[in-house]
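Accompanying notes for the structure given below.
The values are calculated or read from the model by the stated rules, or taken from the named source; none is laboratory data. Since this is a predicted model, take the numbers as computed values, not measurements. No Cβ is skipped: glycine too gets one built from the backbone with ideal geometry, and neighbour counts run over all protein chains shown. Ligands, DNA and RNA are excluded from the accessible area calculation, which covers all protein heavy atoms including side chains. Shrake-Rupley method; radii C 1.70, N 1.55, O 1.52, S 1.80 Å.
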Amino acid sequence: MAAKTTVGVPRETALALYEKMLLTRLFEHRLDLMYKGGDILGGMLLGTGNEAVSVGATSTLSKGDIIAPTHRGIGAHFVKGETPRGMMLQILGRAEGGTRGRDNTQHQGSMELGVIGMISHLGATPTTAAGCALAFKIKKQNNVAMGFTGDGATSLGDFHETLNMASVMKLPFIMIIENNQWAYSTPPSKQYACAKLADRATSYGMPGFTIDGTDVELVYTTVRHAVDRARSGGGPTLIETITMRLRGHSAADGAPYVPKEMLEEWSKKHPVDLHKAKLIERGWLTEAESAALEDRITAEIEEAVEYAKRAPYPEGPTLLEGVYAD
Ligand SMILES: Cc1ncc(C[n+]2csc(CCOP(=O)(O)OP(=O)(O)O)c2C)c(N)n1
Ligand SMILES: [Mg+2]
């Protein structure tokens with residue numbers, strides 16, 4: 001089923017969505033520069049083009065709800081309360097970061113913020129989120145869990161098992177597919193043969209929607225409906241968001257396999273630019289206000305960079321602490 005209408009959101013919400021998306025974009029832009037400057041070791045994955053999904057979907061949640069974002073979900077971490085400083089400490093592998101310097105990508109989780117750290121074995125992240133939804137149901141806790149997956153990871157068995165079980169058990173679960181039309185170098189035509197990934201929802205006995213993932217208000221309103229439904233005992237919903245990965249798979253991937261025209265076409269539809277244009281058209285934001293916001297966010301990011309660069313790496317003898325269960 002395709003969601004046909006873009007329902008507007010209140011001014012305050014629309015501006016909050018813009019702020020978090022802008023933060024995500026500027027933060028990732030800074031990461032890109034730092035990677036090129038040799039400040040970031042190892043791999044780096046960016047969610048450029050995915051801002052409306054990571055921010056829009058998670059902005060519908062309440063305290064106590066749990067998310068399990070993908071490797072393109074820096075915006076989701078920010079919405080759940082992670083700070084630019086905390087994220088920078090993690091990405092620079094510092095002792096004060098979420099994984100205490102054991103790792104420098106987005107594997108950090110926080111029970112306090114309600115974030116399951118991204119699990120690199122694709123497929124396991126949404127499954128874990130559904131497990132949280134089951135726990136909420138058993139404990140009669142009025143919370144929901146939201147799992148995220150890329151288009152490629154929907155081909156894994158875990159994805160099907162998770163949705164089947166979530167539907168049978170009527171779990172308070174929302175499954176968001178970030179269909180950015182690439183799974184590394186694999187396009188949808190070599191990944192699945194159904195017209196839309198959300199069409200699979202019918203076979204699980206749950207509602208499914210395919211929506212434009214560049215429209216943050218559409219993402220917000222569609223997901224909000226699913227969250228309300230899950231919270232009131234109606235069971236899970238599958239939402240497929242169509243976006244485009246505007247960068248290579250990782251910073252090391254120039255993505256020569258992506259057709260130039262496709263990239264050019266989608267670059268004109270950057271979700272942050274689209275939302276900003278709407279806000280300005282409605283008179284909810286001026287260019288001057290947007291520039292001031294950008295300055296404030298940039299200053300916060302620069303503070304995070306300075307702090308994290310000065311922060312120590314973990315001490316050698318502590319490295320095995322917290323790696324294995326006691
Ligand atoms: C089970 C498993 N197989 C392969 C990989 C290697 N891998 C990491 S990301 C990725 C592509 C994932 O594509 P998609 O699910 O569409 O997410 P995207 O990167 O496009 O956001 C692959 C193949 C992995 N991490 N886990
Ligand atoms: Mg993908």
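For this structure, a couple of remarks:
- In segment 123-152, the residues that are within 15 Å of ligand 1 (Cβ to nearest atom) and free of Cβ contacts under 8 Å to residues at least 60 places away in the same chain: GLY123, ALA124, THR125, PRO126, THR127, ASP151, GLY152
Residue-wise test of (1) farther than 28 Å from GLY38 by Cα; (2) basic (Lys, Arg).
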| site | (1), (2) |
| --- | --- |
| GLY75 | no, no |
| ARG94 | no, yes |
| GLU112 | yes, no |
| ALA129 | yes, no |
| PHE148 | yes, no |
| ASP158 | yes, no |
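- Within segment 237-255, residues that are part of a strand (DSSP E or B) have Cβ atoms under 8 Å from residues that are among the acidic types (Asp, Glu) and within 11 Å of ligand 2 (Cβ to nearest atom) in these pairs: THR241/GLU178, counting only partners at least 6 apart in sequence or on another chain.
- Residue that is farthest from GLY235 (Cα to Cα), among those in segment 151-184 that are part of a strand (DSSP E or B), within 13 Å of ligand 2 (Cβ to nearest atom) and open to solvent by less than 20 Å² (accessible area, probe 1.4 Å): ASN179
- When ALA16, ALA95 are checked against the criterion of being aliphatic (A, V, I, L, M), assigned to a loop (DSSP other than H, G, I, E, B), out of contact with any strand residue (DSSP E or B) (no Cβ under 9 Å at 6 or more places or on another chain) and open to solvent by 10 Å² or more (accessible area, probe 1.4 Å), ALA95 stands alone in meeting it.
- Subset of segment 192-237 (residues that are surrounded by fewer than 18 Cβ atoms within 10 Å (Cβ to Cβ) and within 15 Å of ligand 2 (Cβ to nearest atom)): TYR192
- Condition met for THR286 (of a type in the set (S, T, N, Q) and open to solvent by 60 Å² or more (accessible area, probe 1.4 Å)): yes
- Test: residue in segment 24-47 that is part of a helix (DSSP H, G or I), of a type in the set (Gly, Ala, Ser) and open to solvent by less than 10 Å² (accessible area, probe 1.4 Å): no
- Residue pairs whose Cβ atoms lie under 7 Å apart, separated by 6 or more positions or on different chains, with the first residue in segment 207-227 and among the charged types (D, E, K, R) and the second open to solvent by less than 20 Å² (accessible area, probe 1.4 Å) and assigned to a helix (DSSP H, G or I), are ASP212/LEU218; ASP215/ALA52; GLU217/ALA14.
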